[in-house]
Each structure stands twice: as C-alpha cells, then as structure tokens.
Amino acid sequence: MKLRYGFRTLAAVVLAICAQQAFAEDTIKIGVNMPLTGPVAASGNYIADGARIAADRVNAAGGVLGQKLELVIEDSKGNPTEAAAAAEKLITRDQVPVMMGAWSSTFTLAVMPKLMEYGVPMLVETSSSEKITKSGNPWVFRIAPTSSMEAKVFASKLGKFQIKKASFLVTNNDFGIGAAKEFSKALKEQGVEIGIIETMDPNAPDISAQLAKLKDTDSDTIFVTSVVEQITLVLRQAKDLRMTQHFITTGGSSAPDQLIQQAGAAANGSYHIVFFTPWFPEQTVNRDVATYLVEEWKKRGLDPAGLTEGFRGFDGILTIAEAIKQAGKAEPKAIQEALWKVRVKGANGDIAFNKDGEAGKESGQSSPNVYMIQIKDGKVAPVDF
C-alpha cells in the first residue's frame, strides 16, 4: 500500500511538472523589475498592479500571437544592486525576451549594463534621468518623460505662475540632481532667477535644516523632486516652519491623493506636475483608454492614490505587447526592432519612439503628456496648463 501510494504521488508530481511546462510553453513571458519591498514599495506595487491590468486586458482579447502574456515580477527591494541582480535572474533563469523596469533612475542605470550584456530590450516606465537615453544603449525604450522634457513644458507655461526666483529641494540621486539641473536651465532661459539647491538623502527622516535655509532665501517658489513619502514629510515640516513660498513638485511621483491623506492641510496650495490625471480621465488624449484603466482599478478594489503610478505599468505592458505582435515572435532582437515601429494609445497618450543619444546606438524616447494639478481645500483641482 505504501509503495502504491508512493507511485501515485510521484505520478501526480510528474503530471504537475508537465502541466507547468506546457503552461510556460503556451505563454509569452515579460519580466517586470520593480521595488516591491523597501522604502518605495508602494510605487513599485502600484506599477505592478497596472501591469497586471494591461496583461489581463490583452489576454482577454486573445493574447499575442495566439499565446497568453505571463508577467514574471521580480523584486528589486529598492536597491540598485538588487535591481541589477533581479534583471539578470529574469534574463538567465526565467528566459524573458523583454522587460519593463526599473522605476528609479538609479535602479534603471544599474540594470542597463545587463541589457547590453545579454541583448534584451527594456521598456522604461518611470525613470527620468537624461543619462538613460543618452548613454548609447540601444536596448532601452522609455515612455516616461525626461526631466528636460518636463522642464521645457513647464517653462513654456511659466506666465501662469509668475515665478521671479526659484530654489530647489531635491533627493540626492540621479532623479533629483537631474531634475534640478534641467529645471534650472529651462527657468533661466525664461528669465527666472535661480536661488539655492538643497539636497536630501532619499531616506532622511528630517528635512527641517534644508527647509530652514530655503525659508531664509527670497525665493518665491520651491521646486521639490522626490518620492511621495518624502514629499509628505517636506510639506508637513514646511507648514511647521510657516514657510510662505509656493511648492511645486516635479517627476510625476507625488501621488496627490496620498499627499492629501497623509499630509492633510499641509498639502493645501501645493502644485504638482503629473503625467496622468485619473481624477479627470475625460481630459486625457485617449479618454477611452484612461477611463477603462480608472474603472478597472476601482473594480479591483485598488487604492485610488496608486493610479498616478499604476498607469505607467499599464502603458508599459500595452506597448510591449504591441511590439511582440509586430515582431511576430517573442525573441529579444525582433522585439527591439519592433519597438521602433509601435504606435500605441496609452492612458498617458499616444506612444511612439524617437531616437535619442549617440548615433548608431540610439535609445528610444517617447513624448508623453505633462499635466499640472493643485491641491486645494483637501481636493485635487485641475490647473489650466
């Protein structure tokens, strides 16, 4: 009896393994490299949620090339070394022909050598550093705006804000330093005087010293570049210091709903550059796509505050799916070549790639839409931008 039970158990295990192998063969894997744990885990998980919604939508419509999409999601733990290791796992262990990642500019830059080493394309959904598309890496395709693109759009609408002198408070990494550089340049070209640039450690529990310096300047506006958790701290401490300057966040990662929840009255009066407006999907370029994402997000009971990050994962996977379809096969080189040809209607707007960087080694850069909102009386209000 014991022997017979053992054979049955072994047979069941063999059948399960075969079933798993058959499932793997019937799917097209897409690697997703996100910070799912650590200090910026909320953003990474929101993007993963958006990616799942996109994959489900594609699969419900029949998949790609007769196969279902399978997301293989790896945790970078909010660390550049881990991000590079996660990318290598996805490529060598999971054999993914294409990836999406890696949220932070610092994480993405750490991953990029792996793309060159193994010849695998990556869709960059969030990172804004200019280095990413100008470093001669032809395996990179970015749908997020660069800091330069964001700054130029803002500067073109400068008359609405009447800024005379601006200072900066930015996170001390590629994301923050790059934003300060590009916004300073764009504002100077419009005749705005630039004050001081203060940096803060991404995990700093106290920003009061930097804010005190900024308070003592004659700048009328403070541009802040960081993640939502740190922006919350900045706004709270600025209120405690009774600062009167206007605060404008850049980078599209402010999550205004979360700021309202966590910063309370301290968030009132602040302005935020965003790349998706889930509060007003009817005002987006592709309102049908934006409305679908917002409604599906609600159906799944996901946190509404996460939509300003989640749309990135949604648009990223839709773009990758279209590239695989145009490639006609799920192979890295074919997908890379097909990414140059895609035309996708995303939640943020129309996605298509232009060449950026060193001739012959160009990366792909899309031209996303940029919006401005204000937090007013505890609510998100549109700004005619």
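Is there a pair in Lys157/Lys188; Lys188/Lys355; Lys185/Lys355 whose C-alpha atoms are over 19 Å apart, and which pairs would that be?
Flagged as over cut-off: Lys188/Lys355; Lys185/Lys355.
Among the GluC sites (Glu not before Pro) within the range 112-143, which fall in a DSSP loop and have no more than 11 other Cβ atoms within 10 Å of their own Cβ?
Here no loop site has a sparse enough neighbourhood.
Using a 1.4 Å probe on the protein heavy atoms, what percent of the accessible area of the chain belongs to carbon and sulfur?
51
Mind ordering 48-54, 201-207 by average Cβ neighbours within 10 Å, highest first?
With the highest mean Cβ count within 10 Å placed first, the list reads 48-54, 201-207.
Under 20 Å from the Cα of Lys77, which lysines turn up, not counting those fewer than eight places away in the same chain?
Lys89, Lys114
About the Cα centre, and with charges only on the beta carbon of Lys, Arg (+1) and Asp, Glu (-1), how big is the dipole of the chain? Nearest 20 debye, please.
About 480 debye.
Heavy-atom accessible area per residue, the range 208-311, 1.4 Å probe: how many Å²?
39
Can you tally the net charge around Ser184? Count Lys and Arg as +1, Asp and Glu as -1, for every other residue whose Cβ sits under 14 Å from the Cβ of Ser184.
Overall, the nearby charge balance is -1.
Sorted by mean Cβ packing within 10 Å, highest first, what order do the peptides 270-277, 340-347, 98-105, 73-80 take?
Averaged packing, sorted descending, gives the order 98-105, 270-277, 73-80, 340-347.
What percent antiparallel are the DSSP beta bridges of the chain, to the nearest 5?
Around 30 percent of the beta bridges assigned by DSSP in the chain are antiparallel ones.
What does the net charge come to around Met122 if you take all other residues with beta carbon closer than 11 Å to its beta carbon, with K and R at +1 and D and E at -1?
+1
List the aspartates and glutamates whose Cα sits under 18 Å from the Cα of Lys333, skipping any in the same chain fewer than 8 residues away.
Partners within reach: Glu88, Asp94, Glu117, Glu322, Glu362.
With +1 on the Cβ of every Lys and Arg and -1 on the Cβ of every Asp and Glu, and nothing else charged, how large is the dipole of the range 116-217 about its Cα centre, in debye rounded to the nearest 20?
My answer is approximately 520 debye.
Can you run the Rg to Rh ratio on the range 330-374? Use alpha carbon positions and the Kirkwood inverse-distance Rh.
Using Cα coordinates only, the ratio equals 1.08.
Students often forget the sequence filter, so: which lysines lie under 22 Å Cα-Cα from Lys298 once same-chain residues fewer than 8 apart are removed?
Counting by Cα, and skipping residues close in sequence, Lys298 has these lysines nearby: Lys345, Lys379.
Please state, rounded to one decimal and in Å, the Kirkwood hydrodynamic radius that the chain gives when every pair of distinct Cα atoms enters the mean of 1/r.
Answer for the chain: a Kirkwood hydrodynamic radius of 21.6 Å.
The values are calculated or read from the model by the stated rules, or taken from the named source; none is laboratory data. Computed from a predicted structure; not experimentally measured. All Cβ positions, glycine included, derive from the backbone under ideal geometry; neighbour counts span all protein chains shown. Heads up: the accessible areas ignore ligands, DNA and RNA and are worked out on the full protein's heavy atoms, side chains in. Shrake-Rupley method; radii C 1.70, N 1.55, O 1.52, S 1.80 Å.
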